[in-house]
Ligand code: AMP
């Protein structure tokens, strides 16, 4: 039997199927450009010899319903039998679970209604997630569906970490508070770190750094998130590919007065034209490192600012945690850029963090330790796997629900 993991975006659907018994990936794919004449599906499946076989198809797909049908059709065609009959459950990535969802949830009408009610908090993401859920429920009515929330892992933050210093009424009336995102990734790497270190997660203090085009840090105390850098929205915190991260909120008003642009445009600039791209015109860290090496001052500044911000958060979360067992780097930049890891950890020996530069720059995949022998704090590089974590949680939640029914 299979578990399907679905990440439904506004014009794309990303999916991966896992073998139920082993939770190893069996097929995966991406349908892009939904709503156009040339929607493209790239479907890959593991053939019996263990090789990935790729199918590429282009056809007009007008909406998500057609998109999901297309994916199920291609999946079924690429297997000997009907894939539909073998599906144990579907796990949906949902960006915002608000305060309502502290854990993944079986999707019934009430849960779906609650996710829809959260749309104002994530107007760019939750609507597409809801569409994906509705269509898959229609297409596979007998298959249990589970929502796994990006925010849920951070719902253990204490009030002192999640409140903003604003009039209390804004929290009560509008839910203005820190929620945090990338929770599935932080949770996955925290669990993988514990397994790697051979210690119970409930006894570990970790600083997890998800550094990709979107980036966030989390302080994980005894396995639970006690603080994280993203806030009401994913705009707060670290410098990202195109998002500013932390800035003085007065900048918005100052810019509005100076430029006369409406707040909607300024919000767009902070989300889409800022961060690394705003500083140096590029948001791809590989390109930035290359240009910095060639002497491009703006690229150098972007690189330095990015690493400096991460370092400040390591310091802050060290203080929040008191003791730290390991710092974990993950995400496209965290996993692949030895230079970012090196600069970020530079000068942290006072905190017991020292990198072994040879281990750091060795080209290796998988989980690895990159600290020196003397380093009190372990420094780990762990490839994230959000889809796997969603599949694991989906199986767990469905298993629990079935157990309760019996
Ligand atoms: P993600 O959003 O997690 O896919 O990460 C995307 C980011 O990872 C982009 O900024 C890429 O440039 C960056 N990245 C991927 N590989 C490398 C690499 N080898 N060195 C530096 N940055 C990388």
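The values are calculated or read from the model by the stated rules, or taken from the named source; none is laboratory data. These numbers come from a predicted model, not from an experiment. Neighbour counts are summed over all protein chains in view; Cβ atoms, including those assigned to glycine, are modelled from backbone coordinates with ideal geometry.
Filter the stretch 123-141 down to the residues that are within 14 Å of residue 109 (Cα to Cα) and part of a helix (DSSP H, G or I) and list them by number. Outline the logic, then answer.
The initial filter retains those residues of the stretch 123-141 that are within 14 Å of residue 109 (Cα to Cα), namely 130-131, 133-138, 141.
Selection gives 130, 131, 133, 134, 135, 136, 137, 138.
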(message) Would you confirm whether or not the stretch 155-167 contains a residue that is touching a helix residue (DSSP H, G or I) at 6+ places or on another chain (Cβ under 8 Å), buried (at least 24 other Cβ atoms within 10 Å of the Cβ) and not in a loop (DSSP other than H, G, I, E, B)?
(response) no
(request) Collect the residues in the stretch 354-368 that are within 21 Å of residue 195 (Cα to Cα), without any contact (Cβ under 8 Å) to a residue 60 or more places away in the chain and surrounded by 15 or more Cβ atoms within 10 Å (Cβ to Cβ), keeping them in residue-number order. (result) 359, 360, 368
(message) Residues that are within 16 Å of the ligand (Cβ to nearest atom), touching a residue at least 60 places away in the same chain (Cβ under 8 Å) and in contact with a strand residue (DSSP E or B) (Cβ under 9 Å, 6 or more places away or on another chain): does the stretch 240-260 have at least one?
(response) yes
(request) Collect the residues in the stretch 252-279 that are on the phi < 0 side of the Ramachandran plot, surrounded by fewer than 17 Cβ atoms within 10 Å (Cβ to Cβ) and assigned to a loop (DSSP other than H, G, I, E, B), keeping them in residue-number order. (result) 261, 262, 273
(message) Quick check on the stretch 202-213: of everything there that is touching a helix residue (DSSP H, G or I) at 6+ places or on another chain (Cβ under 8 Å) and not in a strand (DSSP E or B), which residue is surrounded by the fewest Cβ atoms within 10 Å (Cβ to Cβ)?
(response) 213
(request) Kindly indicate whether any position in the stretch 262-272 is closer than 17 Å to residue 211 by Cα and touching a helix residue (DSSP H, G or I) at 6+ places or on another chain (Cβ under 9 Å). (result) no
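Output the number of residues of the stretch 324-339 satisfying the condition of being more than 7 Å from the ligand (Cβ to nearest atom) and either surrounded by fewer than 22 Cβ atoms within 10 Å (Cβ to Cβ) or on the phi > 0 side of the Ramachandran plot (or both). I'd like the intermediate steps shown before the answer.
At the first step, the residues of the stretch 324-339 found to be more than 7 Å from the ligand (Cβ to nearest atom) are 324-330, 334-335, 338-339.
With the extra rule that they be either surrounded by fewer than 22 Cβ atoms within 10 Å (Cβ to Cβ) or on the phi > 0 side of the Ramachandran plot (or both), the set shrinks to 325, 335, 338-339.
The number of residues fulfilling the criteria is 4.
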(request) Kindly provide the set of residues from the stretch 340-389 that are in a strand (DSSP E or B) and within 13 Å of the ligand (Cβ to nearest atom), ordered by number. (result) 381
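Which of the residues belonging to the stretch 280-297 are in a helix (DSSP H, G or I), more than 16 Å from residue 211 (Cβ to Cβ) and within 16 Å of the ligand (Cβ to nearest atom)? Even if it seems obvious, please write down each step before you answer.
Here is the first cut: in the stretch 280-297, the residues in a helix (DSSP H, G or I) are 280, 285-293, 297.
Applying the additional criterion that residues be more than 16 Å from residue 211 (Cβ to Cβ) yields 280, 290-293, 297.
If the condition is that a residue be in a helix (DSSP H, G or I), more than 16 Å from residue 211 (Cβ to Cβ) and within 16 Å of the ligand (Cβ to nearest atom), then 280, 290, 291, 292, 293 are the ones that fit.
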(request) Just need a number here: residues in the stretch 21-39 that are surrounded by fewer than 19 Cβ atoms within 10 Å (Cβ to Cβ) and assigned to a loop (DSSP other than H, G, I, E, B). (result) 6
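Applying the selection to the stretch 212-225, what residues are more than 16 Å from the ligand (Cβ to nearest atom) and within 12 Å of residue 183 (Cα to Cα)? Give the steps one after another, and end with the answer.
Of the residues in the stretch 212-225, the ones more than 16 Å from the ligand (Cβ to nearest atom) are 219-225.
Correct list: 219, 220, 224, 225.
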(message) Being at pLDDT 95 or above and crowded, with 16+ Cβ neighbours inside 10 Å narrows it down to one residue among 14, 42; which is it?
(response) 14
